[in-house]
Amino acid sequence: MNQYVIQGGKALAGEVTVGGAKNAALGILAAAIMTDDDVTIENLPNVNDINVLLEAIAGIGATVKRIDAHTVCISGRTIRSETVDSEFIRKIRASYYLLGALLGKRGKAAVAMPGGCDIGARPMDLHLKGFRALGAEVVTENGFIKAKAEEMRGTHIFLDLVSVGATINIMLAAALTPGQTIIDNVAKEPHIVDVANFLNSMGANIKGAGTDVIRIRGVNRLHGSTYSIIPDQIEAGTFMCLAAATKGDILLKNVIPKHLEAITAKLVEIGAEVRENDDSVRVVATKRLRSTQVKTRVYPGFPTDMQPQIATVLTLSRGTSTVTESIFENRFRYVAELVKMGATITVEGNVAVIEGVERLQGANLEAPDLRAGAALTMAALAAEGTTTITQIEYIERGYEDFEGKLRELGASIIKCPINDGKSTIGGIA
Ligand code: EPZ
């Protein structure tokens, strides 16, 4: 088990290139098995979630050929099973996209029920509602979700609430389902649009992704494609907040500024300078920032996956801020860790009230989940003194070479085994 050892207190400056979007790639890799032709996916982020899903795809017999760290060639021609081994769903929830892909392609699928996660209960009722509406029989038994359909037909589905996962999973199942499927009240995140664009590049007929209603006309088969994943809006937002938290100056390359609008608006509101170009943004925050109110919302609102990061920035801002988490019911577990560093935050229900402090002190922390781990790393880089962060496996699920990119920006950070007392940064153990 590894940890980060961080020597904080420096303003981070320089350039960072943002990788491919993890949450788009997960849906796209599942969709790739829906054709018997070869599919080449480029700009894949080289992170654990992606690698685990590729193992799950190989585990059902699909052909997976790594071209390089960011490129893979997949073919569903050799699939020999519709049952996804439970070890893969235990490691990453998004293996459940194979349900929609296998149901759509082969009329049958079985995936272990994903564990309740660290940010909330995260049920799958809407996914199953969609599959049933398309004509599949879906049961949960022995910890597995089993779906099968003699024949599926297009239908009209209204999602009770906006769900990224349900939108993608139902879109996958409907792509090869005869007739028209209309899905109402869908998620509009950039990664939804990317999955739809990828399916259309394979010959699917999907319209309306990015709006409230997606219309799908099922096609008989999907063909091969070569496709490049969009840049990761949340990795980009994390580095934007890092510049704000450390009073730095960071240029982010390979971004789509439109996808960052809510994050940019919030940073500008609190006094950061954000300069946009076609495929880059530069964030400069050389003075102490102001307080504000943040409410997480579905896209295009402020992303829940950026909630711990903006809260960390506001921990150091002048005045009282509030952060309201309206998507997940348990996404403040990082607050106790920030309080160890001297932050003044109280959480009541789904609202965190933050009294800004001048500075944070280094401490020994534990990452509770992926985005919180990134936020604690930001806090440690802004703090005075030395911080250790354990459970960094969470961070490695969604950020490629996080410590390497941070060091490029001047950060004093090393990754070392937890029991290695000899690890030092500049002589500090
Ligand atoms: C996706 O999770 C992302 N994960 C999450 O990112 C992200 O936080 C979330 O969307 C919201 O943007 C991936 O894409 C792999 P939801 P997902 O279905 O699909 C409830 C990260 O850090 N709900 O949009 O699971 C659910 O409980 C991860 O990269 C139901 O009630 O999120 C939640 O309250 C963390 N029933 C809300 O909807 C359902 O059937 C939104 O969840 C499905 C969801």
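Computed from the coordinates by the stated procedures, all read-outs in this text should not be read as laboratory data. It should be emphasised that the depicted structure is a prediction, and the values quoted were computed from it without experimental measurement. All Cβ positions, glycine included, derive from the backbone under ideal geometry; neighbour counts span all protein chains shown.
With Rh defined as the Kirkwood radius, the inverse of the mean 1/r over Cα pairs, the Rg/Rh of region 159-227 is 0.94. Of all aspartates and glutamates in the structure, those lying under 14 Å Cα to Cα from K22, and not within fewer than 8 positions of it along the same chain, are E42, D49, E189, D194, D232, E235, D305, E396, E400, D401. If you plug the beta carbon distance of D184 and K253 into 1/(1 + (r/R0)^6) with R0 = 56 Å, you get a FRET efficiency near 0.90. Here the translational diffusion coefficient of region 206-329 follows from Stokes-Einstein with Rh set to the Kirkwood radius across Cα pairs; for 4 °C and 1.567 mPa s it amounts to 81 µm²/s. If I model a spin label at Q361 and D85 as a point 7 Å from the Cα along the Cα→Cβ vector, what separation in nanometres do I get? Once both label points are built, they end up 4.8 nm from each other.
Within straight-line reach of K287, meaning a Cα separation under 12 Å, sit the following aspartates and glutamates at least 8 residues removed in sequence or on another chain: D249, E273, E358. Remark on Q293: its backbone amide H falls under 5 Å from those of T322, a criterion applied only to residues 5 or more positions apart or on other chains, H modelled at 1.01 Å from N. In plain terms, the chain from R297 to I67 could stretch by 79.1 nm, reckoned as 0.36 nm per residue minus the Cα-Cα distance.
The equivalent ellipsoid that matches the C-alpha gyration tensor of the chain spans semi-axes of 38, 22, 20 angstrom, in descending order. Residues in region 35-41 carry Karplus couplings, in order, of 10, 8, 7, 7, 10, 10, 10 Hz; the curve used is 6.51 cos²θ - 1.76 cosθ + 1.60 with θ = phi - 60°, and Gly or Pro positions show x. Amide H to amide H, with H built 1.01 Å from N, A62 comes under 5 Å of R80, counting only residues 5 or more places away or on other chains. In whole Hz, what ³J(HN,Hα) sequence does region 228-238 give by Karplus (6.51, -1.76, 1.60; θ = phi - 60°), x for Gly and Pro? Once rounded to whole Hz, the list reads 10, 5, 5, x, 7, 5, 7, 4, 4, x, 5. Full extension of the chain segment joining T78 with E393 gains 110.2 nm, where the gain is 0.36 nm per residue of separation less the Cα-Cα distance.
For region 120-257, the average shadow cast by the Cα convex hull is 10.7 nm², which is a quarter of the hull's surface. Highest average first, the peptides 299-307, 100-108, 257-265 ordered by how many other beta carbon atoms sit within 10 Å of their residues are 100-108, 299-307, 257-265. Sorted into 5 angstrom bins from 0, the C-alpha pair distances of region 274-429 split as 2, 8, 17, 21, 21, 16, 9, 4, 1, 0 percent.
Couplings 3J(HN,Hα) of region 328-337, computed from phi: 10, 8, 8, 10, 10, 5, 6, 4, 4, 6 Hz, in residue order, whole Hz [Karplus 6.51 cos²θ - 1.76 cosθ + 1.60, θ = phi - 60°; x for Gly and Pro].
When shorter helices are ignored and each DSSP H run of at least 4 residues is given -39500 (n - 2.57), the per-residue value for the chain at 222 nm works out to -9000 deg cm²/dmol.
Grab the alpha carbons of region 22-228, take their convex hull, and tell me the volume per residue in Å³.
100
Checking the cross-link pairs K91/K148; K91/K146; K10/K91; K65/K105; K105/K258 against a 27 Å limit on the alpha carbon distance flags K10/K91; K105/K258 as lying beyond it.
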